[in-house]
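> Once you've had a glance at the structure underneath, I'll fire off some questions.
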Amino acid sequence: MPSTNRRTFIGATSAGLASLAGCDSLRSNPGVEYALYVETPDRPLAEIVRWKPGPNEDDPYAATRRDAWAAAVTGGRYTVSGHSAVPDGEYTEHDGTYYRLHDVVTGSRRVERPVLRLHWVGRAGDGDVPDATPRESLPALDRHAVLPAYFAARAREYDGGAPWDLVEEGGYVYRYADRTESELAPTPDHEYVSVHDTVLRVDVRRETLVEAEHTATATKVATSPEAFTDVADAAAVEVRLSPDELSADARALFERARGRETYTETMPLSTEFESLLSALRLREALGCTRSNCESEAYETQYLAYDGAYYDCRLYVDGSE
């Protein structure tokens with residue numbers, strides 16, 4: 001579901017944004033650039049907001065999610081521990097009926113799991129570094145498990161950061177090793193693995209964890225495609241505008257952006273452009289000055305305007 005004016009730091013894309021300056025810029029002086037993208041979705045909103053379980057039969061997480069989905073849309077409940085059962089708040093369809101999925105924490109339980117941790121050894125090929133099994137040659141579940149464990153090991157080795165939302169218990173917790181092939185859990189077949197030419201020692205231990213229990217349920221929201229189209233519109237549209245709600249100048253700028261999918265200005269912004277951004281609920285981007293603007297992205301998803309839907313994204317390039 002869309003969030004209100006989602007903001008994402010985009011410093012890594014500043015160089016790319018700078019190249020847009022000549023697209024439709026009213027001013028050529030160097031400075032803070034605002035690039036507005038107005039794009040038409042490639043599918044109807046009713047398809048965009050609808051979720052369905054993936055087809056990968058070999059992925060135990062996907063299989064569990066399919067089972068939870070099947071139970072929820074047939075009036076049942078399905079409980080798992082340690083991760084969500086279904087994507088909370090998503091819409092789905094089953095046999096011509098449309099539902100909204102719910103994932104609710106309903107308790108906790110103690111459970112014994114194999115936990116993989118990796119320990120830094122050194123660069124592959126160095127004289128005192130042992131041979132290792134490349135991550136790419138491991139089964140799919142192990143390939144998935146090794147990556148967060150590698151990030152955690154690298155952070156420990158260099159006292160740095162890691163994508164901690166992917167790391168559990170300092171590595172990776174195996175929850176479905178009994179449901180698919182694994183060469184690392186519960187008992188590892190390999191003493192060392194390699195990731196990006198780095199050799200790491202494998203350490204797998206069974207540990208008792210306290211995990212949250214997640215229960216999947218579903219609420220019926222529509223019984224026909226036409227009715228669900230109305231649901232999708234109500235759920236996904238963030239801003240509704242008619243042409244009459246914009247000034248003539250702001251409307252002209254929107255038409256230029258809609259026709260070319262991009263419109264840019266360099267600070268100081270024109271009054272009509274500021275008016276348009278405010279109408280699109282992107283006014284949060286207007287709070288900086290030339291001296292303190294950072295590269296950021298803002299989005300209105302979706303805009304209903306003149307009988308059509310649009311995804312409006314604003315990129316502010318504050319790089320020098």
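> Among the residues of the stretch 273-320, count how many are small (Gly, Ala, Ser), in a loop (DSSP other than H, G, I, E, B), touching a residue at least 12 places away in the same chain (Cβ under 8 Å) and surrounded by fewer than 17 Cβ atoms within 10 Å (Cβ to Cβ).
Count: 1.
> Find all pairs meeting these conditions: Cβ atoms under 7 angstrom apart; at least six residues apart or on different chains; first residue within the stretch 96-122 and of a type in the set (Gly, Ala, Ser); second residue surrounded by 15 or more Cβ atoms within 10 Å (Cβ to Cβ).
Between residues of the stretch 96-122 that are of a type in the set (Gly, Ala, Ser) and residues that are surrounded by 15 or more Cβ atoms within 10 Å (Cβ to Cβ), the close pairs are GLY107/GLU213; SER108/GLU211; SER108/GLU213; GLY122/VAL129; GLY122/VAL199.
> Same structure, new question: Any idea which residue in the stretch 286-304 is nearest to GLU39 (Cα to Cα), counting only those that are under 22 Å from the mean Cα position of the chain (by Cα) and among the aliphatic types (A, V, I, L, M)?
LEU303
> Next question, about the same structure. Identify the single condition in (1) within 20 Å of ALA62 (Cβ to Cβ); (2) hydrophobic (A, V, I, L, M, F, W, C); (3) at pLDDT below 95 that ALA162 does not satisfy, given that it satisfies every other one.
Condition (1) is where ALA162 drops out.
> Looking only at the stretch 164-197, count how many residues are crowded, with 18+ Cβ neighbours inside 10 Å, out of contact with any Phe, Trp or Tyr (no Cβ under 8 Å at 6 or more places or on another chain) and not in a loop (DSSP other than H, G, I, E, B).
Total meeting the criteria: 8.
> Just to be sure, is THR266 of a type outside the set (A, V, I, L, M, F, W, C), touching a Lys or Arg at 6+ places or on another chain (Cβ under 6 Å) and over 27 Å from GLY89 (Cα atoms)?
It is true that THR266 is of a type outside the set (A, V, I, L, M, F, W, C), touching a Lys or Arg at 6+ places or on another chain (Cβ under 6 Å) and over 27 Å from GLY89 (Cα atoms).
> Could I ask something else about it? Does VAL121 satisfy the condition of being part of a strand (DSSP E or B) and more than 26 Å from ALA72 (Cβ to Cβ)?
It is true that VAL121 is part of a strand (DSSP E or B) and more than 26 Å from ALA72 (Cβ to Cβ).
> Which residues, taken from the stretch 123-163, are touching a residue at least 60 places away in the same chain (Cβ under 8 Å), surrounded by 14 or more Cβ atoms within 10 Å (Cβ to Cβ) and touching an Asp or Glu at 6+ places or on another chain (Cβ under 9 Å)?
Matches in the stretch 123-163: ALA124, ALA132, THR133, ARG135, ALA140, LEU141.
> So, VAL121, is that one among the β-branched types (Val, Ile, Thr) and farther than 30 Å from THR217 by Cβ or not?
It is true that VAL121 is among the β-branched types (Val, Ile, Thr) and farther than 30 Å from THR217 by Cβ.
The values are calculated or read from the model by the stated rules, or taken from the named source; none is laboratory data. Predicted model, so just to flag it, every value in this text is computed and none were measured. Heads up, the Cβs are rebuilt from the backbone with ideal geometry, glycines too, and the neighbour counts pull from every protein chain shown.
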